[in-house]
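Chemist: Quick one: the structure is below, questions incoming.
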Amino acid sequence: MIRVVVNGADGRMGSEVVKAVTADAELALVGGVSLTHVGEDIGVAAGMQALGISMGNNLAAVLDTCHPEVAVDFTTPDAIYENAEICLTKGVHMVVGTTGLTAVQRERLGKLAAANGVGLFIAPNFSIGAVLMMRFAAEAAPYLPNVEIIELHHNNKLDAPSGTAILTAERVAAARKQAGAAAAPAHTQESLRGARGATVEDIPVHSVRLPGYVAHQQVLFGGQGELLTLRHDSLDRKSFMPGVLLAIKKVSGHTGLTFGLERYL
Ligand SMILES: NC(=O)C1=CN([C@@H]2O[C@H](COP(=O)(O)OP(=O)(O)OC[C@H]3O[C@@H](n4cnc5c(N)ncnc54)[C@H](OP(=O)(O)O)[C@@H]3O)[C@@H](O)[C@H]2O)C=CC1
Ligand SMILES: O=C(O)C1=N[C@H](C(=O)O)C[C@H](O)C1
């Protein structure tokens, strides 16, 4: 049994992870961290039966008490770097779904993981459909140089653009570069700043935040008299759980940084 602690255990993603880990015969949920539900039962906070595990609000103390092999983190972009430092320094493997780490921060944490002999797995998106969408976008990129990304999320999401949109743009740009294909020149001048969205690797990215959405993305390619639209919809946070469970089971076998779910597929 792999001993697992969930950081952000009472959040939208954390509570799904609590349920998924509890239901998996190869995993043992041993602790959880919440800032606002300290002392509450982790199962009850996740909307299931009591599991007899009280949540703490201090990650280091929870790790010292519960002795997990793997910590799963779904917290906030502001908190993730420090959380990872705490876990990796204590020799705990990490599965990170929290967005917001820069490439430089990921590399730095990867070195810390390697120095401590543990695995650090980071994925901006754990759903298989989203991974395939990114792969297909990269495949199309050398042939269709005009591309824009629209990502649509619930209105409580703290960051924009989404980690998935950033990674998609990076994958598209890398595929183009590898094929020696150029990005299409941009002609439009904004008469209102921001009208054409943000740009990641010269690719326009538009972020929509509305109640009702969970996590959705479209990658729009335009050609001469044709359009190619790739769309992925996470309609339920259960869509991320097979990827999270896979990562928990694999992370101890990969010392240092592993980035992106496709590396484990
Ligand atoms: N990789 C993927 O596939 C996915 C990634 N995400 C990402 O996961 C992250 C969490 O998303 P979501 O579950 O919707 O967010 P929520 O706001 O629902 O949950 C965040 C959790 O983090 C806790 N928290 C807040 N601040 C801190 C802190 N400083 N230290 C420790 N814990 C803290 C909160 O505790 P409390 O409630 O007690 O304040 C809460 O439990 C986001 O970055 C999101 O983009 C989301 C979905 C899929
Ligand atoms: O905050 C979310 O909800 C999600 N965050 C991740 C991201 O920023 O890409 C993954 C998914 O889109 C859901």
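Here, each number is a calculation from the coordinates, and none is a lab measurement. Note that this is a predicted model, so its numbers are computed, not measured. We place every Cβ from the backbone using ideal geometry, glycine too, and count neighbours over all the protein chains shown.
Chemist: Run through every distinct alpha carbon pair of the stretch 200-265 and return the Kirkwood hydrodynamic radius in angstroms, one decimal place.
Modeler: Its Kirkwood hydrodynamic radius stands at 15.3 Å.
Chemist: Something else: Relative to the compact globular guide of 2.2 N^0.38 Å, what is the alpha carbon radius of gyration of the stretch 1-99, as a ratio?
Modeler: 0.94
Chemist: Another question, then. Mind checking which helices in the chain clear 15 Å along their axis (Cα) and have mean Kyte-Doolittle hydropathy of 1.0 or more, DSSP H runs only?
Modeler: Qualifying helices: 128-140.
Chemist: Would you please give the residues with an amide H less than 5 Å from that of His206, counting only those at least 5 places away or on a separate chain, with H modeled from the backbone geometry?
Modeler: Those lying under 5 Å, H to H, from His206 are Ile149, Ile150, Glu151.
Chemist: Continuing with this model, one more query. Exposure proxy check: Leu35, Leu109 ranked by fewest other beta carbons within 10 Å?
Modeler: Ranking Leu35, Leu109 by Cβ neighbours within 10 Å, fewest first, gives Leu35, Leu109.
Chemist: Using alpha carbon coordinates only, what is the Rg to Rh ratio of the chain, with Rh defined as the Kirkwood radius?
Modeler: Expressed as Rg/Rh, it is 1.01.
Chemist: Can you run phi through the Karplus equation (6.51, -1.76, 1.60; θ = phi - 60°) for the stretch 254-262 and list ³J(HN,Hα) in whole Hz, with x for Gly and Pro?
Modeler: 9, 5, x, 7, 10, 10, x, 4, 4
Chemist: Could you work out the pair-distance distribution P(r) of the stretch 128-234 from its alpha-carbon pairs, with 5 angstrom bin width and percents rounded to whole numbers?
Modeler: Binned Cα distances yield the sequence 2, 13, 23, 24, 20, 11, 5, 1, 0.
Chemist: Exposure proxy check: Met48, Met1 ranked by fewest other beta carbons within 10 Å?
Modeler: Ranked by crowding around the Cβ, least crowded first: Met1, Met48.
Chemist: So for each of 158-169, 51-62 I average, over its residues, the number of other beta carbons within 10 Å; can you give me the resulting order with the highest mean first?
Modeler: Per-residue mean Cβ counts within 10 Å order the peptides as 158-169, 51-62.
Chemist: Once you place label points 7 Å from the Cα toward the Cβ at Glu107 and Lys157, how far apart are they in nm?
Modeler: 2.7 nm
Chemist: For a Förster distance of 22 Å, can you work out the FRET efficiency between the beta-carbons of Gln189 and Leu210, rounded to the nearest 0.05?
Modeler: FRET efficiency, Gln189 to Leu210: 0.20.
Chemist: Within 10 Å, count the other beta carbons around each residue, average over each peptide in 89-101, 179-191, and list them highest first.
Modeler: Descending mean neighbour count gives 89-101, 179-191.
Chemist: Related question: Order these peptides, 210-219, 114-123, by their mean beta-carbon neighbour count within 10 angstrom, highest first.
Modeler: The most tightly packed comes first, giving 114-123, 210-219.
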